[in-house]
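A short write-up of the structure that comes next.
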Amino acid sequence: MKGLFIRWIVSALALYATAWLAHLVGLLIVVSGAGVALLAVAVLAVINALIRPLVVMLTLPLNCLTLGLLTFIINALMFWLAGSVVPGFTVKGPLAALFGSVVMGIINGLASQVIGSRE
């Protein structure tokens, strides 16, 4: 249970870092507070657990044709959907959604390596 809470906090911090990096490159990803970040990460987790597998399964033939590159688009759509559902978390435009999903994935992957080695 402690590990889940730590990962949740780290993902919220990763969302803040993603919004900050997006601002540096001129994209609009807005997280209006710590509570919003925690809620956005929880909603993103639910979306990735329930909706994403269905979308991946339905688009599997096209995903095979694109050699998996469609997965980036699916991840961006899930990130954008979370931004549409959570008030105070804004993802403006498809490029911001793509940037956000890729950067969140990289930061969470690196954080999982660090957290995983300490548990």
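Quick notes
- Among the candidates THR18, THR66, residue that is under 22 Å from ALA96 (Cα atoms), without any contact (Cβ under 8 Å) to a residue 40 or more places away in the chain and either β-branched (Val, Ile, Thr) or touching a helix residue (DSSP H, G or I) at 6+ places or on another chain (Cβ under 6 Å) (or both): THR66
- Checking the stated criteria, LEU65 turns out not to satisfy the condition of being farther than 26 Å from ILE115 by Cβ, surrounded by 17 or more Cβ atoms within 10 Å (Cβ to Cβ) and either touching a Leu at 6+ places or on another chain (Cβ under 7 Å) or not charged (D, E, K, R) (or both).
- Residue identified as surrounded by fewer than 19 Cβ atoms within 10 Å (Cβ to Cβ), within 10 Å of the chain's Cα centre (by Cα), small (Gly, Ala, Ser) and closer than 21 Å to LEU13 by Cα among GLY109, GLY116, GLY88, GLY105: GLY105
Readers should treat all values here as calculations from the given coordinates under stated rules, not as data from a laboratory. Just so it is clear, the structure is predicted and the values come from calculations on it, not from any experiment. Using ideal geometry, Cβ is built from the backbone for each residue, glycine included, and neighbour counts are taken over all protein chains shown.
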